[in-house]
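Everything on this sheet refers to the single structure shown next.
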Amino acid sequence: MPVRPRLKPISVVRRPSEVILVGRALEATYLDDADGSVTALLQVLSRGEHTVAELPDAMRGHGFEVTEAEMAGAVEALDEVGVLLRADADAGLDPATRRRHESNLRFYDLFAGLDRSAVDYHRDMAAADVLLLGAGGMGSGVLQALVGLGVGRVRLVDFDVVEEKNLARQFAYGRDDIGRRKVEAARDWVARYSPGTTVVEAVDERITDVADLRRLGAGASLVICAIDSPNDVHLLVNEACFALGVPYIAAGLQYSTMFYWSVEPGVSACRLCLELDREDESGGIPELLDRSVVLPAGRVNRATGPIAQLLAGYVTLEAGRYLTRTDPPVAAAVYHTVELADGMRTTRAEWARNPRCPLCAGAEEAR
Ligand SMILES: [Zn+2]
């Protein structure tokens, strides 16, 4: 079926000899338009009714004689700027799915173009299979956000039961769930909330080593680490994800600092690289990443509901980037923090591959 390009719902501002397209919040594209033909084309494209071959006729209605080749060139240029969509792309989904995922589709529109539609991104999400470690403060929030996005499958791993104190922030559970296994209560929540869009495989077990993770993660598209034990969990997940060839995202709260980061094995630097950097005292690592613990703070959970939700939001947005490739992951080997006790100040610090990292060296050789 020939594509009918349609202008995204963006602001178009007309000035004497130019047109300004105002798309994303901070971006504007300036186009010369001395004779008004660009404005006319944008008006035609805003209706999304014509194929490229039909555009010369439509432009004639606005008093402009143009060739199909000129229109093809103009459409290609506008698509490169990121302001065009395939007009009838949503028709690829049944009406119930369209209604259920309306805002997800409109979010994907931000990144869609003539070659890849919002529906294509949605289908990637629906085909995704995520290993989610932990159904606690952050994990249960991530689960809820993934289900909202219509992720195809979640393998949820946890060994805890729901306690009264969890109700401050674990909104997938209610009073009736107190004493139940979290994985079972979470699976029930998913079934009640959005039957048919997600299959949750509930695994009631404690992670102890890399072998557990390799077994649980085989065939997954992404791993999300929302647990903080055992102590070296990040290194275990890092190693397992290298073996599986699967990216992972981790996050948490340390004292008053929220943090999240991700690793794409073989592409970005990995968590072991960061540990080795910390060992190489002269490694020139950013001060932010240099955190050798002298006195461990002890396990105090300060994560209130909004903190858990904010972290889950950051993590799930990053998950969406890996699963749909709307845009590149923003936290791959980049340590993001939000400082709750300092005006919500955010920081980001990249780390590089450490030459001593055997995992990254192995991935380099395998290329
Ligand atoms: Zn590495």
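Picking from residues in segment 174-201 that are open to solvent by 70 Å² or more (accessible area, probe 1.4 Å) and in a loop (DSSP other than H, G, I, E, B), the one that is nearest to VAL157 (Cα to Cα) is ARG180.
Is it the case that segment 264-278 has a residue that's within 15 Å of PRO329 (Cβ to Cβ), of a type in the set (A, V, I, L, M) and assigned by TED's automatic domain parsing to the domain that holds LEU295?
Yes, segment 264-278 has at least one match.
The single residue among LEU288, LEU317 that is outside any loop (DSSP other than H, G, I, E, B), at pLDDT 95 or above and away from the ligand (no atom under 16 Å from the Cβ) turns out to be LEU317. Selection of segment 248-271 for residues being open to solvent by 20 Å² or more (accessible area, probe 1.4 Å), under 20 Å from VAL142 (Cβ atoms) and within 14 Å of the ligand (Cβ to nearest atom) yields GLU264, ARG271.
Restricting attention to segment 214-232, and to residues there that are free of Cβ contacts under 8 Å to residues at least 60 places away in the same chain and not small (Gly, Ala, Ser), which single residue is farthest from the ligand (Cβ to nearest atom)? My answer is ARG215. The selection criterion, being modelled with pLDDT of 95 or more and under 30 Å from THR198 (Cβ atoms), holds for ARG116.
Here ARG123 passes the criteria (1) assigned to a loop (DSSP other than H, G, I, E, B); (2) farther than 24 Å from PHE259 by Cβ; (3) free of Cβ contacts under 8 Å to residues at least 60 places away in the same chain except the one numbered (1). Being of a type in the set (Val, Ile, Thr) and within 22 Å of the chain's Cα centre (by Cα): is that true of THR197 here? When the stated conditions are applied, THR197 passes them. For segment 12-45, a residue qualifies if it is part of a loop (DSSP other than H, G, I, E, B), within 23 Å of ASP57 (Cα to Cα) and open to solvent by 20 Å² or more (accessible area, probe 1.4 Å), and the qualifying residues are ALA34, ASP35. If only residues of segment 346-367 that are more than 12 Å from SER268 (Cβ to Cβ) and more than 10 Å from the ligand (Cβ to nearest atom) are counted, the one that is least open to solvent (accessible area, probe 1.4 Å) is ALA349.
Selection over segment 50-88 of residues that are out of contact with any strand residue (DSSP E or B) (no Cβ under 9 Å at 6 or more places or on another chain) and either open to solvent by less than 50 Å² (accessible area, probe 1.4 Å) or among the hydroxyl-bearing types (Ser, Thr, Tyr) (or both) gives a count of 10. Of all residues being within 24 Å of the chain's Cα centre (by Cα) and open to solvent by 60 Å² or more (accessible area, probe 1.4 Å) in segment 202-223, which is nearest to VAL161 (Cα to Cα)? Just the residue, please. My answer is ARG214.
The values are calculated or read from the model by the stated rules, or taken from the named source; none is laboratory data. All figures in this text were calculated on a predicted structure; none of them were measured in a lab. Glycine gets a Cβ as well: all are built from the backbone with ideal geometry, and neighbour counts include every protein chain shown. Protein only, heavy atoms only, side chains kept; ligands, DNA and RNA dropped before computing areas. Shrake-Rupley method; radii C 1.70, N 1.55, O 1.52, S 1.80 Å.
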